[in-house]
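Trainee: Below is the structure I would like to discuss, written out as structure tokens.
Every number here is computed from the coordinates shown, using simple stated rules; none is lab data. If you're wondering where the values come from, they're calculated on a predicted model, not measured in any experiment. Every residue, glycine as well, gets a Cβ built from its backbone with ideal geometry; the counts of neighbours run over all protein chains shown.
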């Protein structure tokens, strides 16, 4: 039996179409393959908000700055889920272009290094309040104005200073969601008994900060 050239001519386009379809299917499978759980966002050069992670004596922190260099977040991010939550929070309040650009955060990192080593008592970096709610801004503003380095206050005292003496729980909630940890020093607020209570970075981090500030205040 001999081959029929006309039959081959009719089948050739079908074979080519099948090869094309298979190639497209392979490409789609590759592009839809999820990244492994350990994968991290790539590093880019420009963004509306830039962030970086920093392993510090009080735990892993995520710093984020705006394109003007103002600090919009200093959040505890001990693991990947916490990091993702922090980035979602920043993106929702600022811009979806939140990218990993560590060099843009170098100034903030240096100031934190100095602070946590006892070489500075305040931060000079400008602060962006985009992640701070209305009542929260009242609480954090009052805290920053009334409770200096090396001193502490209580939730009740802050509530009273705000003219809301029965709002100590609301004050605690506002401090607990502080997006600018350490810079806006919610770690300086303790229970009425003087006991250490909840802190985003954990009680060990809170104790470290209070002991650091107390130690350096006594040396002055």
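Trainee: Between residue 106 and residue 153, what FRET efficiency follows from the Cβ-Cβ distance if R0 is 35 Å, with the result rounded to 0.05?
Mentor: 0.60
Trainee: If you don't mind, there's one more thing I want to ask. Which order do the peptides 49-58, 83-92 take when ranked by the mean count of other beta-carbon atoms within 10 Å per residue, highest first? Kindly include the intermediate steps, with their values, before the conclusion.
Mentor: Working: 49-58: 19.0, 83-92: 16.6.
Peptide ranking by packing, descending: 49-58, 83-92.
Trainee: So if I restrict to the alpha-carbon atoms in the range 142-220, what is the Rg, and what is Dmax, the biggest pairwise distance, in Å?
Mentor: Here Rg and the maximum Cα pair distance are 12.0, 37 Å.
Trainee: If you average 1/r over all unlike Cα pairs in the range 41-176 and invert the result, what Kirkwood radius do you get in angstrom?
Mentor: 16.1
Trainee: Another question about this same structure. So what does the Cα-only Debye profile of the range 49-116 read at q = 0.18, 0.27 Å⁻¹, as log10 I(q)/I(0), no solvent term?
Mentor: -0.59, -1.28
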